[in-house]
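Derivation of every value follows stated rules applied to the coordinates shown; laboratory data play no part. The shown structure was predicted, so the numbers you read here are calculated from the model rather than taken from an experiment. In this analysis, Cβ positions are derived from the backbone assuming ideal geometry, glycine residues included, and neighbour counts consider all displayed protein chains.
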Amino acid sequence: KAGVTQTPRYLIKTRGQQVTLSCSPISGHRSVSWYQQTPGQGLQFLFEYFSETQRNKGNFPGRFSGRQFSNSRSEMNVSTLELGDSALYLCASSQGGSSYEQYFGPGTRLTVT
Amino acid sequence: GDSVTQMEGPVTLSEEAFLTINCTYTATGYPSLFWYVQYPGEGLQLLLKATKADDKGSNKGFEATYRKETTSFHLEKGSVQVSDSAVYFCALINTGTASKLTFGTGTRLQVTL
């Protein structure tokens with residue numbers, strides 16, 4: 001079974017621009033969660049989508065948004081990029097429900113200049 | 001809120017040495033506990049998990065026991081290899097926020113010949 005895939009793997013953007021990151025979960029998984037990893041703040045939860053609905057949300061500004069499609073693929077969008085948004089963005093998928101194991105993709109490395 | 005505390009790294013060991021990485025947690029209710037490992041340039045891999053008190057998770061020679069009385073989930077391995085060099089993250093999911101993983105800060109392990 002194929003693992004979680006994320007595209008693109010690397011991105012360089014300029015302050016004020018916006019960016020969209022994509023995540024394809026493991027086949028059959030209906031839950032997709034997003035995390036931000038930085039050296040200063042560590043791993044922080046952004047949000048989770050289950051069956052196209054946002055089910056849980058972390059403490060990030062409204063510039064960070066996401067969505068999930070009917071095939072469970074998910075995208076996250078960051079608008080009006082700031083230097084502090086430079087990070088590794090990780091996507092994780094799970095079956096949802098009573099199964100709490102989350103499987104992570106390789107991440108998208110975003111650099112904001 | 002929920003939190004996870006890990007021992008500071010880096011931890012440097014010689015090959016075949018015994019490994020312990022300490023992890024304690026604070027959470028309401030009955031969380032599930034996890035260890036993830038991150039190799040350079042990669043996402044997180046689920047190493048092991050435990051879902052209730054006194055459960056022992058194990059995988060690839062690594063073990064951790066869910067100790068509710070001490071709120072701990074220490075990672076151990078009897079004989080480390082150079083290939084175990086990575087960053088290890090302890091994490092929990094609280095049944096009240098079932099999709100949100102709360103991570104510790106990570107412990108870097110360096111194993112030398």
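For chain A, modelled as a Gaussian network with Cα springs under 10 Å, which listed residue fluctuates most, A:Gly28, A:Gly66, A:Gly96?
A:Gly28
Only Cα pairs within less than 10 Å get springs; with that Gaussian network setup on chain A, which residue of A:Arg73, A:Arg30, A:Arg55 has the largest fluctuation?
A:Arg55
Can you tell me the dipole magnitude for chain A around its Cα centre, using point charges on the Cβ only (Lys, Arg +1; Asp, Glu -1), in Debye to the nearest 20?
Roughly 140 debye, rounded to the nearest 20.
Of all the C-alpha pairs in region B:25-113, what % are more than 15 Å from each other?
So the portion of pairs separated by more than 15 Å is 58 percent.
Under 8 Å for C-alpha pairs, at least 6 residues apart: give me the relative contact order for chain B, rounded to a whole percent.
That works out to 37 percent.
Kindly write out, for region A:30-36 in residue order, the coupling ³J(HN,Hα) from the Karplus curve 6.51 cos²θ - 1.76 cosθ + 1.60 (θ = phi - 60°), rounded to whole Hz, with x marking Gly and Pro.
Calculated HN-Hα couplings, in order: 9, 10, 10, 10, 10, 9, 10 Hz.
Using θ = phi - 60° and the Karplus relation 6.51 cos²θ - 1.76 cosθ + 1.60, list the HN-Hα couplings for region A:47-54 in order, rounded to whole Hz, with x at every Gly or Pro.
6, 9, 10, 9, 6, 6, 10, 6
Show the residues, 5+ positions off or on another chain, whose built amide H is closer than 5 Å to the amide H of B:Asp55.
Counting only residues 5 or more places away or on other chains, the set is B:Tyr66.
Mind listing the long-range amide H neighbours of A:Gly66? Cut-off is under 5 Å, sequence gap 5 or more, other chains count too, H placed in the peptide plane at 1.01 Å from N.
When sequence neighbours closer than 5 places are left aside, the close amide H contacts are A:Asn77.
Which entries in A:Lys13/B:Lys49; B:Lys56/B:Lys100; A:Lys57/B:Lys49 show an alpha-carbon gap greater than 29 Å?
Cα-Cα > 29 Å for A:Lys13/B:Lys49; rest within.
May I ask you to evaluate 6.51 cos²θ - 1.76 cosθ + 1.60, the Karplus curve with θ = phi - 60°, for each residue of region A:5-22 and list the ³J(HN,Hα) values in order in whole Hz, giving x for glycine and proline?
Once rounded to whole Hz, the list reads 10, 10, 9, x, 7, 9, 8, 10, 10, 9, 3, x, 6, 10, 9, 10, 10, 10.
Quick one: which residues, 5+ away or cross-chain, put their amide H under 5 Å from the amide H of A:Thr5? H built at 1.01 Å from N.
A:Ser24
What distance in nm separates the simple spin-label points at A:Glu82 and B:Phe18, each placed 7 Å from Cα in the Cβ direction?
Distance between the two pseudo-spin positions: 4.7 nm.
If you count, for every residue in B:37-43, the Cβ atoms of partner chains within 10 Å of its Cβ, what is the mean?
4
With unit charges on the beta carbon (Lys/Arg positive, Asp/Glu negative), name the residue among B:Gly104, A:Phe104, B:Leu33 whose Cα is farthest towards the positive pole of the charge dipole of the protein assembly as shown.
It is A:Phe104.
Tell me, what is the percent relative contact order of chain A, built from C-alpha pairs under 8 Å that lie six or more residues apart?
Relative contact order of chain A: 36 percent.
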